[in-house]
Each structure stands twice: as C-alpha cells, then as structure tokens.
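Let me begin by presenting the structure, written as structure tokens, before commenting on it.
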Amino acid sequence: MARTLEQLQQQYNSAAKAQKPGMPPMGPRGGGPRGAGMSGKPKDTRKTLGRLLAYMKPYTGRFVGVLICMLVSTLTSLIGAYLLAPIINRLTVEVIPGAPVELSAAEQVADGIISRVAAWLHLPDVMGYILAALAVLGGVYLVGIVTTYLQSRLMLSVSLRITEHIRNDLFVKLQALPVRYFDAHPTGELMSRFTNDIDNIDMMLNNSLTTLVSGTVTLIGTFVFMITTSWVLTLVTVLFVPLLARGGVLIGGRSRKFYKGQQAALGAVNGYMEETVTGQKVVKVFNHEAECVEEFKTLNNDMRDKQFKAQFWGGVMGPIMHNISMISYGVTVGVGGVLMCTAGLTPGALTVFANYSRQFSMPISQLSMQTTVLFAALAGAERVFQVMDADPEAPNGPQALSAAGMQGDVVMTNVTFGYRPDKIVLRNISLYAHPGQKIAFVGSTGAGKTTVTNLLSRFYDIEEGSITIDGVDIKDYKREELRQNIAMVLQDTHLFTGTVRENIRYGRPDATDEEVEAAAKTASAHSFIMRLQDGYDTLLEGDGANLSQGQRQLLNIARAALSNAPILVLDEATSSVDTRTERHIEHGMDRLMKNRTTFVIAHRLSTVRNADAILVLEQGEIIERGSHEELLAMKGRYYDLYTGVTELA
C-alpha cells in the first residue's frame with residue numbers, strides 16, 4: 001500500500017521523525033532505517049544574506065568595477081534620453097516657425113553641446129544640427145554598450161567564482177562530516193544542495209543582484225533628471241511609488257512562502273528518486289513498481305502544486321507592476337500635456353519626461369519581481385549552509401599520537417553504546433584480539449556485530465568504556481592514521497568510476513602496478529581481471545555495473561589487501577560470492593589475514609570455523625566466547641545456530 005503524502009514528506013524532510021526510536025541509522029556500515037534531509041525552510045534570512053556577502057568580500061574590487069560600469073551605463077542611458085529634448089525642440093521650431101519654446105537650463109546646456117559639435121563638424125542649418133545630435137547620441141550609447149559589456153562580463157566571472165567557492169566549501173565539508181550524518185540524510189537530499197540550491201544562488205548573483213543594483217542606480221539617476229526637467233511631473237510620478245512598492249511587498253511575501261515549499265518538495269522528490277533508482281532491483285524483485293509509481297505521483301503532484309503557486313505568484317508580479325506603471329505613465333503624460341499648454345513646458349521636455357516616467361517605474365517593477373528569485377536563492381543558500389554548519393568529526397587533540405607501526409592488539413573494556421541516548425545497542429562489551437588473531441562475530445541481525453567494528457574505526461565515539469589498540473586509547477590516535485591502519489571489506493561493495501587498477505589502488509594511492517597485481521592475486525581476482533577486455537585498464541561503469549557482484553567483492557578484497565593495514569574487518573565480505581568462489585578464495589583470504597588482527601562478521605558459520613575466537617552477540621551483549629569446538633561443546637546459542645535448531649535472523 002502506497003504511503004500518504006504526509007508519511008513521505010515526514011520520511012524525506014525530517015530525519016529526526018523518520019528514524020525509528022532506538023534503531024541505528026541505515027548506511028553503508030549498519031542496519032536500521034535511513035533518515036531524511038533537511039526541510040529547506042529558511043529561518044534567518046539576515047544571517048544567510050550576511051554569509052553570502054562574506055563570500056562576495058574577496059571580489060570587492062571587481063564589484064567596484066561592476067558598480068562603476070553600472071553608473072556609466074545608467075548615465076549614458078539617461079543622458080541619451082535627455083538629448084532628445086533639444087532635437088525635438090529644434091524640429092518644433094522648424095515645423096512651426098515662431099512656436100514659443102522656452103528652454104530650461106538643462107536643455108540649454110544640451111543644446112549648446114550639440115551646437116558646438118555641429119560647428120566643429122562644419123554642419124550648418126537644422127539638418128546639420130540633427131546629424132551632430134545623432135553623432136553625440138552615437139558616442140554616448142557606444143560608451144553605454146562598452147560599459148554594459150564589461151559589467152556583464154565582470155559580474156558573470158564573479159558569480160561563477162563565488163558559486164564555485166561555495167560548491168567547493170560544501171564538498172570539503174561533506175568530507176569532514178561523520179558517518180552518522182550520512183546515515184541520517186538521503187543522498188538525493190544532499191545532491192540537491194549541489195544542483196538546485198547552488199544554481200539558485202548563481203541565478204541570484206548573476207541576474208538578480210545585477211538587476212537590484214542597476215535598478216537602484218537607475219531609479220536614483222532617473223529621479224535626479226526628472227526633477228531637473230519638471231518638479232510637478234516628478235511629484236505626479238512619485239505618487240504612484242507607494243502603490244508599486246506595496247504591490248511588490250504583498251506579492252513578494254506570498255511568493256516567498258511558496259518558494260520555500262517548492263524547495264522542500266523538490267528535496268523530497270530528489271530523495272525518493274535516489275532511493276528508488278538505487279534500489280530498483282529490490283523494487284522489481286518484490287513487484288513493488290505500482291506502489292512506487294503511486295508514491296512518486298503523490299510527491300510529484302505535491303511538488304507540482306507548490307511549484308504552480310510559487311511560479312504563479314512569481315509570474316503575476318510582472319504584469320501587475322507593468323500595468324501600474326502604465327497607469328502612472330498615462331497620468332504623467334496627461335498632466336504634462338496640460339503643463340505644455342499652460343506652463344510653458346517644451347515638447348522636448350515632455351517627451352523626455354515621458355521616457356523617464358517609464359524608466360522610473362521599470363526599476364521598481366524589476367526590483368519587485370526579483371524578490372522572488374532572491375527568496376528562492378536565500379532558501380537554497382540556507383539549505384547549503386545547514387550542511388556547512390553540521391558538526392564535523394571531532395578534530396584531533398593537540399597531543400594526538402601517530403599510529404605508525406601499529407601492531408593491532410585490540411582491547412575493548414566495558415563498552416556501552418547507543419546510536420541514540422534512549423536506546424542502547426551495546427551493553428558492557430569487553431573483548432580482546434591479539435596481533436594476528438582472527439575474531440569472529442555471530443548472532444542475530446541487530447545484535448550489534450557491525451556496531452562493534454564501527455566503534456573500532458571511530459565512525460562513532462563511545463561514551464562509556466574504552467577501546468585501546470596497542471595499549472593506547474583510540475581517541476588518543478590521530479583519526480586519519482587510525483583508519484589507515486584498519487582495512488575494511490564491507491557487505492555493500494562500492495567501486496568508483498575508473499579503471500580496475502585505479503579502484504584497487506584506492507587502498508594505497510602510492511602503490512606500484514606490481515603491488516596492485518600482487519594484491520589482486522592475493523584476493524584471487526587476478527584471473528578474472530586478465531579475462532576482461534583491457535585487463536587492469538578496463539574502465540568500470542557506474543559502481544562496477546559491468547562486473548558481477550562476486551567480482552566487485554573480489555576487487556574490494558584486493559583493495560583491502562593492498563592497504564597493508566595491521567587490522568582487517570570483514571563485514572559479510574563473502575556474502576555476495578557463491579560457494580565455489582568462496583572456497584576458491586579461502587587460501588587468498590588466509591594470506592590476506594596472515595599477521596593481521598582480523599574481525600569477521602558472518603552469517604555463514606562455515607566461514608568462521610577456523611577463527612581463534614568466536615563471539616556470540618545477542619541484544620548487544622556477548623553471551624558466549626570460544627573456539628568452534630569449545631562453543632559446540634557448550635551446547636548453547638552457537639550450538640543451536642550451527643546445528644540448525646535456531647536460525648540467524
């Protein structure tokens with residue numbers, strides 16, 4: 001039965017609510033349900049804007065250049081429009097000889113400039129005057145074209161560099177986050193930060209920010225030119241500003257609300273798509289296609305509804321603002337006609353002011369429309385910063401020790417741990433593993449087997465008890481060096497895009513080709529690699545899709561063999577390998593485990609018979625410990641599991 005919209009949104013937009021109480025988060029190293037991403041709803045717009053400004057600070061010089069270009073471009077636009085006044089006035093006198101045309105001081109200045117240019121070019125009479133005016137206009141607009149080009153180029157360069165910086169910081173932060181974070185947040189939610197959210201930031205920087213600044217400059221410049229032309233008409237135009245501003249605020253507020261919902265719905269859809277595509281084989285095996293389609297339709301319809309509202313209120317602002325500005329334009333022209341007949345306003349001044357009236361309302365409309373883009377970008381920015389603000393792994397202490405030369409003598413003493421404080425997973429666990437020993441964990445699913453190895457690698461830190469290696473508490477080691485000394489082969493294989501050689505070398509980047517091949521032979525992977533089309537240089541498709549599951553696991557084993565780590569963790573390492581292949585690699589596994597402290601988690605009890613010690617875990621406690629023969633002689637839980645009286649579950 002398909003889940004409801006509320007259930008789906010809860011799962012994909014609220015990690016805390018989606019996770020079942022007491023269960024460890026689901027991820028590559030543990031069982032349990034996987035949580036969800038963040039809601040994507042901005043909570044502190046001012047703080048978010050301040051952080052974006054911090055990213056812009058290194059490019060202050062370029063922003064100054066952009067501002068200068070904007071100022072020059074705006075001035076050329078305003079001056080070019082104003083130069084129409086003397087041309088129209090001169091033609092008015094020519095067409096209507098004796099017409100009363102009284103030039104204002106500004107018009108006299110413009111007329112004088114054109115006249116001097118005409119005299120310098122030796123262009124007499126009215127036609128010469130017009131040609132001179134066209135030459136001046138051409139020069140003014142040419143400067144405007146050049147400065148607009150420079151402004152666009154500079155702003156594009158700055159916006160791309162800023163988004164590159166944000167994207168880099170986000171990726172770097174992801175590498176610093178603990179495993180706990182990835183266990184609690186779907187991959188699709190995190191990927192949407194790199195795509196949708198950062199794209200919204202780029203759109204704001206490249207388009208909206210330029211529009212906001214240039215609109216403000218145009219608004220101020222137009223007002224200055226308007227008031228020098230006619231203060232009466234300026235007053236008429238300004239009277240419409242509150243109406244334009246109020247309309248922008250009202251529509252922008254609703255638009256902002258719906259853009260927040262749109263971003264959250266988009267994150268939920270991305271999370272569901274990532275989960276479903278990744279688990280497509282499981283979907284098909286259990287014939288769950290119809291339910292998946294229904295659940296996706298539910299999320300998709302919700303996103304459609306929220307996108308409709310967001311896009312509608314974002315799109316309706318333009319026409320509303322345009323119509324209000326056209327009303328302002330019409331009223332201004334009407335009053336200007338009266339002033340031309342009664343107060344001596346020149347035809348040129350009225351024409352110029354009519355243009356200025358439209359220019360004055362246009363920036364207001366643009367500023368109002370850009371608020372929707374700004375809100376979407378701020379919503380996306382806050383979602384990005386939420387990831388950046390997540391608590392990273394605890395840094396190494398100032399006295400952190402090097403793990404070089406580690407032997408692998410592991411001791412756990414009275415370790416108690418829970419993924420959540422109210423639900424304990426391990427209770428008072430104590431164990432030891434001497435260098436070269438093979439320790440096996442068996443028990444029911446959820447008994448805490450994988451959790452023990454998670455703690456050993458410090459994917460999670462314990463609150464009670466201690467874990468030491470070579471007599472040193474693992475918290476005293478440098479975290480990265482500790483993990484360099486622990487090789488892991490997990491049940492879930494993961495291969496990166498690249499060649500077979502590069503994937504094996506992931507275990508030790510400085511390994512030679514000969515060492516890579518030796519590791520492959522240790523894992524019994526060499527023979528099948530050589531049968532591939534290009535051998536070790538065969539390019540692997542997405543997560544090794546062109547290999548079988550068993551072959552992918554063999555490459556993971558080879559990767560661990562290459563690392564030369566003194567401690568080895570095999571978490572169901574052979575679960576994806578058939579029985580024949582399992583027997584084939586037994587000798588290779590023995591070579592791999594030689595002189596290494598090895599922890600083996602297995603459901604196939606036949607794979608742990610030769611372990612030095614087998615630990616049976618149930619409900620977070622070690623209930624039995626001993627060799628295979630000793631445990632069989634005890635006729636306890638292990639005996640029941642091995643003889644089939646009860647099953648691992």
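The values are calculated or read from the model by the stated rules, or taken from the named source; none is laboratory data. Please read these numbers as outputs of a predicted model, since none were measured by experiment. Note: ideal-geometry Cβ built from the backbone for every residue, glycine included; neighbour counts use all protein chains shown. To get the accessible areas, we keep the full protein, side chains included, count just its heavy atoms, and leave off ligands, DNA and RNA. Shrake-Rupley method; radii C 1.70, N 1.55, O 1.52, S 1.80 Å.
In the range 383-397, what count of residues is obtained for those that are exposed (fewer than 11 other Cβ atoms within 10 Å of the Cβ) and either among the hydroxyl-bearing types (Ser, Thr, Tyr) or touching a residue at least 12 places away in the same chain (Cβ under 8 Å) (or both)?
1
Suppose we filter THR607, THR643, THR597 for residues that are modelled with pLDDT of 80 or more and surrounded by 14 or more Cβ atoms within 10 Å (Cβ to Cβ); which single one remains?
Numbers: THR607 fails: modelled with pLDDT of 80 or more; THR643 fails: surrounded by 14 or more Cβ atoms within 10 Å (Cβ to Cβ).
Answer to the check: THR597.
Give me a count of the residues in the range 114-125 that are part of a helix (DSSP H, G or I), surrounded by fewer than 15 Cβ atoms within 10 Å (Cβ to Cβ) and either aliphatic (A, V, I, L, M) or under 57 Å from the mean Cα position of the chain (by Cα) (or both).
1
Among the residues of the range 607-645, count how many are more than 25 Å from ASN414 (Cβ to Cβ) and part of a loop (DSSP other than H, G, I, E, B).
5
Looking at the structure I just gave you, is LEU547 surrounded by fewer than 17 Cβ atoms within 10 Å (Cβ to Cβ) and either among the small types (Gly, Ala, Ser) or farther than 28 Å from PRO566 by Cβ (or both)?
Against the criterion (surrounded by fewer than 17 Cβ atoms within 10 Å (Cβ to Cβ) and either among the small types (Gly, Ala, Ser) or farther than 28 Å from PRO566 by Cβ (or both)), LEU547 does not qualify.
So, VAL411, is that one of a type outside the set (Gly, Ala, Ser), in contact with a strand residue (DSSP E or B) (Cβ under 7 Å, 6 or more places away or on another chain) and part of a strand (DSSP E or B) or not?
Criteria met by VAL411.
Would you check which residues across the range 461-473 are open to solvent by less than 10 Å² (accessible area, probe 1.4 Å) and either within 33 Å of the chain's Cα centre (by Cα) or free of Cβ contacts under 8 Å to residues at least 60 places away in the same chain (or both) and list them?
ILE467
If you scan the range 193-203, which residues turn out to be open to solvent by 10 Å² or more (accessible area, probe 1.4 Å) and either over 16 Å from ALA390 (Cβ atoms) or touching a Phe, Trp or Tyr at 6+ places or on another chain (Cβ under 6 Å) (or both)?
Hits for the range 193-203 are THR195, ASN196, ASP199, ASN200, ASP202, MET203.
What single numbered condition from (1) at pLDDT 90 or above; (2) surrounded by fewer than 22 Cβ atoms within 10 Å (Cβ to Cβ) fails to hold for LEU615?
If we test LEU615 against (1) at pLDDT 90 or above; (2) surrounded by fewer than 22 Cβ atoms within 10 Å (Cβ to Cβ), just (2) comes out false.
Kindly indicate whether any position in the range 159-169 is touching a residue at least 40 places away in the same chain (Cβ under 8 Å), under 26 Å from ARG479 (Cα atoms) and in a helix (DSSP H, G or I).
Within the range 159-169 (the criterion being touching a residue at least 40 places away in the same chain (Cβ under 8 Å), under 26 Å from ARG479 (Cα atoms) and in a helix (DSSP H, G or I)), the answer is yes, since at least one residue qualifies.
Restricting attention to the range 154-192, which residues are among the charged types (D, E, K, R), open to solvent by 40 Å² or more (accessible area, probe 1.4 Å) and at pLDDT 90 or above?
ARG161, GLU164, ARG167, ASP169 - these are the residues of the range 154-192 that are among the charged types (D, E, K, R), open to solvent by 40 Å² or more (accessible area, probe 1.4 Å) and at pLDDT 90 or above.
Run LEU345 past the list (1) assigned to a helix (DSSP H, G or I); (2) open to solvent by less than 30 Å² (accessible area, probe 1.4 Å); (3) closer than 24 Å to ALA81 by Cα; (4) in contact with a Ser or Thr (Cβ under 9 Å, 6 or more places away or on another chain) and report the number of the one that doesn't hold.
(1)
Can you tell which of LYS260, LYS297 is modelled with pLDDT of 70 or more, among the charged types (D, E, K, R), open to solvent by less than 60 Å² (accessible area, probe 1.4 Å) and in a helix (DSSP H, G or I)? Spell out the reasoning first.
Working: LYS297 fails: open to solvent by less than 60 Å² (accessible area, probe 1.4 Å).
The unique qualifying residue is LYS260.
Identify the residue in the range 404-424 that is over 12 Å from GLY471 (Cα atoms) and aliphatic (A, V, I, L, M) and, among all such residues, is nearest to the chain's Cα centre (by Cα).
That would be ILE424.
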